[in-house]
Amino acid sequence: MRSLPPEKLGILGAVAAFVLAGLFEWGGDLLQPAPEDRPGRPAYEAPPVQDAGRTPRRPLPAPSRNDIRLQLEEREKIQSGVGTAFVVSRDYWLTARHVVEGCDRLGFVVDRRHVTPIRDAAVSHPDADIALVHADAGRSPALSLGPLPDIGDAGYHYGFPGTGKGRVSSTLLGRGDLRSASLRGVGRLVLVWAETGREGVAPGSLGGISGGPTLDASGRLVGIAIASNTRRGRVSTVAPRTIQQMLSAEKVPVETMQQAGWTAAPSFSELERAGTVRQLYCKVNGQG
């Protein structure tokens, strides 16, 4: 694969979150435009949803110097904000590390005025943008881990961008090498997807979808959204190998396809009604 010129990727959710005033006593004032949505820059608007891949389907090659090079734009200051989490095993949730990093309190957003607190602290991967949260999931079905997708395969990203919620469709472009001071080793190897459409998601920044699951056409987990470049229509995700490494390290049992119950990529509303995907709120003391 021909390498692309370096580009800066805003961390999803770290630079675009809505004001969550009055969430219990948590309140917060966090409203910043994403770098790609600053005044004067046109917002990217994806074409209508389509499942046909833009790229001819072929196996994803091994990591090499030809991987797409990506430079992550680090946050200068950790702030209160929102992201997405999803059930991966009984009472275990996965999200992005940067969603829970530096949080003094975590909770699931019920509505704009209520949050269900999470008592346990998140466990973060030391070198990858992935974290594990232990919290009651009730009877919500978990997502099962899928295999490494092929170039040209369809992918579906679920979460709560901005003040909305929905699903972003895409096709796999290839493997990326995400450069950042906080990412080393396997954590730098990501998958890069090209947007093909949005359902329930407005044009512009995808901030807030961070930590949300990426599913293949069979409804299996093949990534976690961690960064995007809205102008170029790109979404970067944690790779399945990194997810497996995190679950193995924490001895979290992986759901089988039969246990998970998903045989095709569900709509966002299906995942939300099942309780499998929820919005996550991070409170940093001294803000709000």
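Remarks
- Residue check, Ser210 among the polar types (S, T, N, Q) and closer than 18 Å to Ile130 by Cβ: yes
- Helices (runs of 4 or more DSSP H) completely within the range 208-288 that count 2 or more residues being surrounded by fewer than 21 Cβ atoms within 10 Å (Cβ to Cβ) and of a type in the set (D, E, K, R): 268-274
- Flag if Tyr92 is in contact with a His (Cβ under 9 Å, 6 or more places away or on another chain) and buried (at least 17 other Cβ atoms within 10 Å of the Cβ): yes
- Residues (among the charged types (D, E, K, R) and farther than 11 Å from Trp193 by Cβ) located in the range 142-153: Asp150
- Of the strands (runs of 3 or more DSSP E) that lie entirely inside the range 1-111, those containing 2 or more residues that are touching a helix residue (DSSP H, G or I) at 6+ places or on another chain (Cβ under 8 Å) and at pLDDT below 90 span 8-11.
- Only residues that are in contact with a Leu (Cβ under 6 Å, 6 or more places away or on another chain) and crowded, with 21+ Cβ neighbours inside 10 Å were counted in the range 192-207, giving 4.
- Number of residues in the range 112-125 that are assigned to a loop (DSSP other than H, G, I, E, B) and farther than 19 Å from Pro213 by Cα: the value is 5.
- Number of the exception - Tyr156 against (1) farther than 25 Å from Arg198 by Cβ; (2) in a strand (DSSP E or B): (1)
- Filter result for Glu195 (touching a strand residue (DSSP E or B) at 6+ places or on another chain (Cβ under 6 Å), more than 30 Å from Arg139 (Cα to Cα) and at pLDDT 95 or above): yes
- Qualifying residue in the range 193-201 (condition: touching an Asp or Glu at 6+ places or on another chain (Cβ under 8 Å), in contact (Cβ under 8 Å) with a residue 60 or more places away in the chain and more than 30 Å from Asp67 (Cβ to Cβ)): no
- Of everything in the range 90-123 that is hydroxyl-bearing (Ser, Thr, Tyr) and touching a residue at least 12 places away in the same chain (Cβ under 8 Å), the residue that is farthest from His134 (Cα to Cα) is Thr95.
- Residue that is under 26 Å from Trp262 (Cβ atoms), within 16 Å of the chain's Cα centre (by Cα) and either among the aliphatic types (A, V, I, L, M) or not in a loop (DSSP other than H, G, I, E, B) (or both), where the choices are Ala128, Ala137: Ala128
- Residue within the range 166-185 that is of a type in the set (Asp, Glu), outside any loop (DSSP other than H, G, I, E, B) and surrounded by fewer than 24 Cβ atoms within 10 Å (Cβ to Cβ) present: yes
- Filtering the range 57-80 to residues that are in contact with a Lys or Arg (Cβ under 9 Å, 6 or more places away or on another chain) and within 20 Å of Ile209 (Cα to Cα) leaves Leu70, Gln71, Leu72, Glu73, Ser80.
- Sole exception among (1) in contact (Cβ under 8 Å) with a residue 60 or more places away in the chain; (2) within 19 Å of Trp93 (Cβ to Cβ) for Arg175, by number: (2)
- Flag if Ile130 is in contact with a helix residue (DSSP H, G or I) (Cβ under 7 Å, 6 or more places away or on another chain), β-branched (Val, Ile, Thr) and modelled with pLDDT of 95 or more: yes
- Among the conditions (1) outside any strand (DSSP E or B); (2) within 16 Å of the chain's Cα centre (by Cα), Pro147 misses just one, which is (2).
- Hits in the range 224-274 (condition: at pLDDT below 90 and of a type in the set (Phe, Trp, Tyr)): Trp262
The values are calculated or read from the model by the stated rules, or taken from the named source; none is laboratory data. Because the structure is predicted, anything quoted here is derived from the model rather than measured. Virtual Cβ from ideal backbone geometry, glycine too; neighbours counted across all protein chains shown.
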